[in-house]
Amino acid sequence: MAVELTPAVFASMKSLAQTAASRAYIPYSRFPVGAALQLKDGTLIPGCNVENVSYGLSNCAERTAIYAALAQGYQAKDFANLLIYMPGGRLYSPCGACRQVIAEFFAAEAEVIATCDTEQQQRWQVAELLPASFQFAPAQEIPS
């Protein structure tokens with residue numbers, strides 16, 4: 001079941017993602033990105049990109065928000081929508097690694113929204129971002 005993203009919640013998510021982008025650690029790309037994950041209970045969790053000199057160890061804003069939510073005790077069943085913000089006037093979609101992680105933790109009908117400093121935005125359902133995503137059942141349930 002998709003959670004409705006009202007204009008007020010959208011505005012709050014964008015504001016939180018903008019703040020997160022301002023905190024990004026980006027000494028190499030100089031490309032800040034912020035994200036805001038909406039939980040089904042209305043809680044919003046921010047994330048920003050964090051780079052590393054060993055580029056493969058860098059982390060995108062989308063994954064930072066997802067991992068932060070998990071670290072706070074939330075589970076995939078709690079996740080509703082994800083908004084990504086990048087400064088400037090151009091929209092970008094999530095990278096392949098983020099698409100796979102998003103597909104792991106969000107329902108297929110959950111919404112992912114890309115925003116920037118203009119009024120434009122791009123919206124996808126998770127299933128559109130990564131059709132035929134890599135999936136299999138966990139070998140065992142993780143105890144809670």
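Readers should treat all values here as calculations from the given coordinates under stated rules, not as data from a laboratory. Keep in mind it's a predicted model, so treat the numbers as computed, not measured. Note that we place each Cβ from the backbone using ideal geometry, even for glycine, and neighbour counts take in every protein chain shown.
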- [ ] Rank-order 76-86, 9-19 by packing density, defined as the average count of other C-beta atoms within 10 Å over each peptide's residues, highest first.
- [x] 76-86, 9-19
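With each run of n ≥ 4 DSSP H residues scored as -39500 (n - 2.57), what mean residue ellipticity at 222 nm is computed for the chain after dividing by its residue count and rounding to the nearest 500 deg cm²/dmol? Don't skip to the end; give the middle numbers.
Values: 4 runs with 41 residues, N = 144.
One gets -8500 deg cm²/dmol as the mean residue ellipticity at 222 nm.
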- [ ] Take every Cα pair under 8 Å in the chain that's 6+ residues apart, average their separations, divide by the length, and report that relative contact order as a whole percent.
- [x] 20 percent
TODO: Could you calculate the contour length gain from T6 to S133, that is, 0.36 nm times the residue separation minus the distance between their Cα atoms, to one decimal place in nm?
DONE: 42.9 nm
TODO: Considering only DSSP beta bridges where both residues belong to the chain, give the percentage that are antiparallel (nearest 5).
DONE: 75 percent
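If you place +1 on the Cβ of every Lys and Arg, -1 on the Cβ of every Asp and Glu, and leave all else neutral, what size is the dipole of the chain about its Cα centre, to the nearest 20 Debye?
On the way: 9 positive and 12 negative charges, 71 e Å.
Rounded to the nearest 20 debye, it is 340 debye.
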- [ ] Based on the mean of other Cβ atoms within 10 Å per residue, sort peptides 101-112, 32-43 so the most packed one is first.
- [x] 32-43, 101-112
- [ ] Place a +1 charge on the Cβ of each Lys and Arg in segment 58-109 and a -1 charge on the Cβ of each Asp and Glu, then give the dipole magnitude about the Cα centre in debye, rounded to the nearest 20.
- [x] 140 debye
